[in-house]
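Notes follow once the structure below has been shown.
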Amino acid sequence: MVYYDIHTHHLPVHPEDVAIVNCLVPVFGAGSRSEQAISRLNVGTGLFRSVGIHPWYIYNVEEQVAELKRQASFADVVAIGETGLDKGAQAPLDCQQEIFKASASFAENAGIFLIIHCVKAWDELIALKKELKPRVPWIIHGFRGNATLAGQLIRQGFYLSFGEHFNPGAVRKAWPGRLFAETDDREIDIRTVYRNLSASLDIRPEQFAGQIAENVRDILHFQL
C-alpha cells in the first residue's frame with residue numbers, strides 16, 4: 001500500500017512513502033545547499049517538491065516572483081505553493097493577491113497543481129477562482145473548516161487536503177474524489193493521518209488509500 005503526503009515540510013518517516021516537500025521562496029535559492037540536498041534525495045525516491053511564496057513571508061515581490069518562476073521549471077517540482085490569502089498576515093491583501101495571481105499563472109503555464117493557504121479570505125479566494133478560471137487543480141491544504149464551507153468550496157471546483165486536525169463532516173463532503181491527506185509542518189506520520197481520516201469515514205484504510213492514490217494520479221501529469 002502506497003501512502004501519499006500531498007503537502008509536508010519534512011522528509012517522510014518511511015522512505016518508501018511518496019511526499020511532496022514544501023519549499024518556500026526565497027529559502028531555496030539558486031545553488032543553495034538545501035536545494036542541492038533535496039535534489040540529491042529525490043533520486044530514486046518518492047520525494048518531489050512544491051515551491052511557493054507563503055503570505056507570511058513576503059519580503060520583495062519582484063525578486064521572489066522571479067525566483068518562483070525560475071524554480072517552477074525544475075524537474076522535481078510538481079506543484080506551486082503553498083501560496084494564498086491570509087488576513088492575519090502582515091503583507092497587505094492586495095499584495096498577497098498579486099503574488100497569488102502570479103503563482104496561479106506559473107501553475108497554469110507548467111501544467112501543475114496549486115497548493116493554497118487560506119485564512120479568513122474565502123470570499124476573496126472564490127472570487128479569484130471565478131476570475132482566473134484555472135484549468136489545473138487548486139488544492140486547499142490543511143483544511144479545518146466545517147462541512148458547509150467544504151461543500152461551498154467543492155461546488156466551486158476546489159480540492160481539500162486534510163492533516164492532523166480536521167472536521168469529520170468536511171471530510172465526508174470531500175470524499176471520495178476531492179480529498180487528499182498531508183502532514184504539513186506537524187511531527188506526525190502520514191500513515192497516522194490516513195488511519196484517522198479513514199476512521200472518520202468508517203471505511204477500511206486500504207479502501208481509503210486506494211482512493212487517495214487514484215486522486216493523486218488524477219491531478220498529476222506524470223505517473224508516480
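Looking at residue 76, is it closer than 22 Å to residue 213 by Cα and of a type in the set (Asp, Glu)?
Numbers: closer than 22 Å to residue 213 by Cα: yes; of a type in the set (Asp, Glu): yes.
In short, yes.
Please specify each residue of the stretch 146-161 satisfying the condition of being open to solvent by 10 Å² or more (accessible area, probe 1.4 Å) and under 16 Å from the mean Cα position of the chain (by Cα).
Within the stretch 146-161, 154, 157, 159 meet the criteria.
Would you mention how many residues in the stretch 63-89 are in a loop (DSSP other than H, G, I, E, B) and either in contact (Cβ under 8 Å) with a residue 24 or more places away in the chain or buried (at least 17 other Cβ atoms within 10 Å of the Cβ) (or both)?
Number of matching residues: 7.
Of 219, 126, which residue is hydrophobic (A, V, I, L, M, F, W, C), surrounded by fewer than 19 Cβ atoms within 10 Å (Cβ to Cβ) and touching a strand residue (DSSP E or B) at 6+ places or on another chain (Cβ under 6 Å)? Reasoning before the result, please.
Working: 126 fails: touching a strand residue (DSSP E or B) at 6+ places or on another chain (Cβ under 6 Å).
Unique residue meeting the criteria: 219.
Could you identify the single residue in 188, 139 that is out of contact with any Asp or Glu (no Cβ under 7 Å at 6 or more places or on another chain), open to solvent by less than 40 Å² (accessible area, probe 1.4 Å) and either more than 25 Å from residue 104 (Cβ to Cβ) or in contact (Cβ under 8 Å) with a residue 24 or more places away in the chain (or both)? So that I can check it myself, show each step before the final result.
Numbers: 188 fails: out of contact with any Asp or Glu (no Cβ under 7 Å at 6 or more places or on another chain).
When all the criteria are applied, what remains is 139.
Could you check how many residues of the stretch 189-224 are in a loop (DSSP other than H, G, I, E, B) and closer than 22 Å to residue 146 by Cβ? Before you say what the answer is, go through the steps one by one.
From the stretch 189-224, those in a loop (DSSP other than H, G, I, E, B) are 189, 202-204, 220-224; that's our starting set.
Filter once more, keeping what is closer than 22 Å to residue 146 by Cβ: 202-203.
Going through the stretch 189-224 one residue at a time, the tally reaches 2.
Does residue 164 fit the bill of being at pLDDT 95 or above and open to solvent by 60 Å² or more (accessible area, probe 1.4 Å)?
On the way: at pLDDT 95 or above: yes; open to solvent by 60 Å² or more (accessible area, probe 1.4 Å): yes.
Answer is yes for this residue.
Is the stretch 167-174 home to any residue that is within 15 Å of the chain's Cα centre (by Cα), surrounded by fewer than 18 Cβ atoms within 10 Å (Cβ to Cβ) and of a type in the set (Lys, Arg)? Don't jump to the end; show me each part of the working.
Step one: of the stretch 167-174, the residues within 15 Å of the chain's Cα centre (by Cα) are none.
No: zero hits.
For residues that are acidic (Asp, Glu) and in contact with a helix residue (DSSP H, G or I) (Cβ under 8 Å, 6 or more places away or on another chain), tally how many sit in the stretch 90-107.
At the first step, the residues of the stretch 90-107 found to be acidic (Asp, Glu) are 94, 98.
Narrowing further to those that are in contact with a helix residue (DSSP H, G or I) (Cβ under 8 Å, 6 or more places away or on another chain): 98.
So the answer is 1.
The values are calculated or read from the model by the stated rules, or taken from the named source; none is laboratory data. Quick caveat, the model's predicted, so the values are computed rather than measured. Backbone-built Cβ (ideal geometry, glycine too); neighbour counts: all protein chains shown. In case anyone asks, the SASA skips ligands and DNA or RNA and just uses the protein heavy atoms, side chains included. Shrake-Rupley method; radii C 1.70, N 1.55, O 1.52, S 1.80 Å.
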